[in-house]
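Worksheet: the structure to be examined is printed underneath.
The values are calculated or read from the model by the stated rules, or taken from the named source; none is laboratory data. Everything numeric in this text was worked out from a predicted model, so none of it was measured. Don't worry about glycine lacking a Cβ; one is built from the backbone with ideal geometry, like all the others, and counts go over all protein chains shown. Heavy atoms of the whole protein, side chains included, go into the accessibility calculation; ligands, DNA and RNA do not. Shrake-Rupley method; radii C 1.70, N 1.55, O 1.52, S 1.80 Å.
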Amino acid sequence: MSEIANVGDPVESDEGIVDDDIRQVPEEPNEPIKGVGVFVCTLTLLGTRMGGGIVGIPFATLQLGFVTAIIIQIVLFLAAISSIGLYLRVRTLTGRSSLSDIGLF
């Protein structure tokens, strides 16, 4: 009967025992950990600062296809413009100036 390995356990392959962790732990305490480059750090900072949606748009375009992605972007743009128009109309009709005032109205 085969034994089921736990997550994080070393895996045995033709090359011997292989650990699936991508980080390389330094032998000296002052050595930096290898495995994370400038590109990955830049993408992480961009994703944190700008939001995951902006960073994910190229990947979504690749998965959907260029034409489909452009159509979806146009539909979302029209929905946003429509929402802005509705907000301005409600603001004019109620005489309220902020979203919180409109919500309490």
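Tell me the accessible surface of Phe59 in square angstrom (1.4 angstrom probe, heavy atoms of protein chains only), to the nearest ten.
130 Å²
Could you give the nm distance between label points at Phe59 and Leu78, where each point is 7 Å from its Cα heading toward the beta carbon?
Placing both labels 7 Å along Cα→Cβ, they lie 2.9 nm apart.
After finding the eigenvalues of the alpha carbon gyration tensor for segment 60-105, what semi-axes result from the square roots of 5 times each, listed largest first in whole Å?
Rounded to whole Å, the semi-axes are 34, 10, 5.
Can you put Leu78, Leu93 in order of accessible area, largest first, using a 1.4 Å probe? Before the final figure, lay out the partial values.
On the way: Leu78 105, Leu93 145 Å².
Order by accessible area, largest first: Leu93, Leu78.
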